[in-house]
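In what follows, a structure is listed as structure tokens, so that the remarks can point back to it.
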Amino acid sequence: MPDWTEHVIWWHVYPLGFVGADVTGVDRRPTHRLRMLVPWLDYLLELGANGLALGPVFTSRTHGYDTTDYLEVDPRLGDTADLEHLVAEAHRRGIRVMLDGVFNHVGREFGPLVTALADPSAPENALFRRTPAGELVAFEGHDALVTLDHANPAVADLVTGVMTYWLDRGVDAWRLDAAYALPAEFWAGVLPRVRERHPEVYVMGEVLHGDYAAFVAASGVDAVTQYELWQAIWHGLAEGNFFELDWALTRHNAFLGAFVPYTFVGNHDVTRLASQIPDARHHAHALVLLLTLGGTPAIYYGDERGLQAVKEQRAGGDDAIRPAYPESPAGLEPAGAATFVLHQELIGLRRRHPWLHTATSRPLALTNTGYVFEVTDGSHRLVVALNLSDEALPVDTDAAPRLAGTAHAGPAGVTVPPHGWAIFG
């Protein structure tokens with residue numbers, strides 16, 4: 001894994017939604033919207049992040065995950081010059097840029113697929129998986145998404161070429177969409193070829209569940225999405241069950257022994273954190289966990305403003321969690337200012353303790369509604385206390401100073417107030 005990832009904190013943006021583009025496929029008028037992200041780069045830095053993780057930017061018919069041309073920017077966002085300009089402006093500010101590569105499947109208007117469907121004898125037919133009956137294989141039941149045949153070396157050549165093409169144009173990292181759906185051996189064949197030309201590239205794969213460490217070892221990716229931790233954070237806080245979180249952290253510690261997971265409490269595919277956790281007093285606890293636990297953290301745009309939205313299982317059900325942002329930060333609602341400041345405070349704390357990137361945790365006190373744990377890399381140490389109850393939570397801090405949050409010192413020792421949190425070090 002490249003050294004620069006120790007210090008990166010990503011701000012994750014879904015571009016088509018962020019700039020207000022139509023994702024139904026009806027309005028595909030060319031518009032140079034990608035440049036609308038440039039005024040937000042300073043906002044990203046003000047937040048404390050230094051990485052811009054972009055959702056799909058390549059030509060597609062609708063939501064970006066039905067790619068029709070890997071080597072062209074979607075006309076609803078602009079063109080290659082617009083993307084290169086955004087990358088250059090990001091780099092001028094010291095910001096890394098990650099692209100989203102959808103390499104498991106393509107949209108029905110993908111050029112080689114159109115050729116294959118028009119001519120059964122065309123060599124392009126070999127790029128796509130088919131059932132024994134000769135039908136194209138749809139991705140997870142979505143007929144608009146056609147699965148590539150990853151056993152065909154030509155597909156490996158295609159993916160290698162696409163990744164290298166955009167790295168040549170300045171991007172720093174790749175997210176591999178639905179990486180779990182591809183054979184790990186496929187990535188093991190592609191990534192060394194990519195890294196031969198770009199050894200500093202960071203490659204993160206979307207993996208939902210299973211043996212994360214085994215996938216990393218077999219595929220050669222640097223990291224995978226830590227969905228187990230995401231689930232345990234929001235669900236443990238919503239249900240008042242820190243035992244669920246503690247169990248997930250035992251697995252998280254084991255992962256950290258093999259690789260550094262990509263950690264998050266929100267993304268473009270899930271209900272917003274502020275909607276997942278019904279008690280608003282506990283929203284901050286999730287952010288405390290994200291920014292004190294080992295991992296490479298990502299903040300999904302809108303979460304830093306406390307936005308609420310529910311993902312629905314229907315056509316257009318992702319739209320609410322992928323909203324448009326104003327033209328500039330000046331247009332943001334002031335209601336989200338306090339949440340933004342909290343993000344700044346906790347990201348700042350993380351930056352002052354970069355060793356947290358690979359730190360593991362150990363429980364010091366555990367109940368359903370109270371959790372005190374230590375995070376350490378063996379040389380440094382913080383103590384984190386989270387309280388979901390109506391009673392004060394006692395904390396044995398070994399007289400360590402409070403770095404963030406709220407705590408009270410009294411005759412009985414240090415306590416964290418009801419529904420509060422604190423970090424000591």
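Some notes on this structure:
- Each of the peptides 55-68, 391-404 was scored by the mean count of other Cβ atoms within 10 Å over its residues; in descending order, highest first, they stand as 55-68, 391-404.
- R0 of 45 Å, Cβ-Cβ distance Leu366-Asp22: FRET efficiency to nearest 0.05: 0.40
- Long-range amide H partners of Trp174 with built H, under 5 Å: Leu99, Tyr202, Val203, Met204
- Placing R0 at 22 angstrom, the Cβ-Cβ distance between Ala409 and Arg352 gives a FRET efficiency of 0.45 after rounding to 0.05.
- Expressed as a whole percent, the accessible area of the chain that falls on carbon and sulfur atoms is 54 (1.4 Å probe).
- Using a simple spin-label model with pseudo-atoms 7 Å out from Cα toward Cβ, Trp4 and Leu117 lie 4.0 nm apart.
- Test item: Cα-centred dipole of the chain, Lys/Arg +1 and Asp/Glu -1 on Cβ, debye: 600
- Cα-based helix-to-principal-axis angle, 283-292 vs the chain, degrees rounded to 10: 80
- Gained length - Asp168 relative to Asp377, 0.36 nm times residue gap less alpha-carbon distance: 71.7 nm
- Label-to-label distance, Arg251 versus His142, with points set 7 angstrom from Cα along the beta-carbon direction: 2.4 nm.
- Accessible area (Å², per residue) of the chain, counting only protein heavy atoms and a probe of 1.4 Å: 39
- A simple rule links phi to the HN-Hα coupling: the Karplus curve 6.51 cos²θ - 1.76 cosθ + 1.60 with θ = phi - 60°, which for the range 138-152 gives 7, 7, 6, x, 8, 4, 6, 10, 9, 7, 6, 9, 6, 7, 8 Hz, with x for Gly and Pro.
- Hz values of 3J(HN,Hα) by residue in the range 260-265 - Karplus curve (6.51, -1.76, 1.60), Gly and Pro given as x: 9, x, 8, 10, 6, 10
- Peptides ranked, highest mean first, by Cβ atoms within 10 Å: ranges 331-339, 147-155: 147-155, 331-339
- Between Glu391 and Asp42, the distance separating the two model label sites (each 7 Å from Cα on the Cα→Cβ line) works out to 5.1 nm.
- Test item: Cα-centred dipole of the range 27-104, Lys/Arg +1 and Asp/Glu -1 on Cβ, debye: 120
- Theoretical FRET efficiency, 1/(1+(r/R0)^6), r = Cβ-Cβ of Asp79 and Glu333, R0 35 Å, to 0.05: 0.65
- Order by protection proxy (mean Cβ within 10 Å, highest first), peptides 122-129, 369-376: 369-376, 122-129
- The HN-Hα couplings worked out from phi for the range 271-278 by the Karplus form 6.51 cos²θ - 1.76 cosθ + 1.60 (θ = phi - 60°) are 4, 4, 3, 5, 9, 6, 9, x Hz, whole numbers, x standing for Gly and Pro.
- Amide H contacts of Ser60 (H built 1.01 Å from N, under 5 Å, at least 5 apart or other chain): Thr68
- Other-chain or far-sequence residues with amide H under 5 Å of Ala404's (modelled H): Ile423
The values are calculated or read from the model by the stated rules, or taken from the named source; none is laboratory data. Quick caveat: nothing in here was measured; it's all calculated off a predicted structure. No Cβ is skipped: glycine too gets one built from the backbone with ideal geometry, and neighbour counts run over all protein chains shown. What goes into the accessible areas is simple: the full protein's heavy atoms, side chains included, and nothing from ligands, DNA or RNA. Shrake-Rupley method; radii C 1.70, N 1.55, O 1.52, S 1.80 Å.
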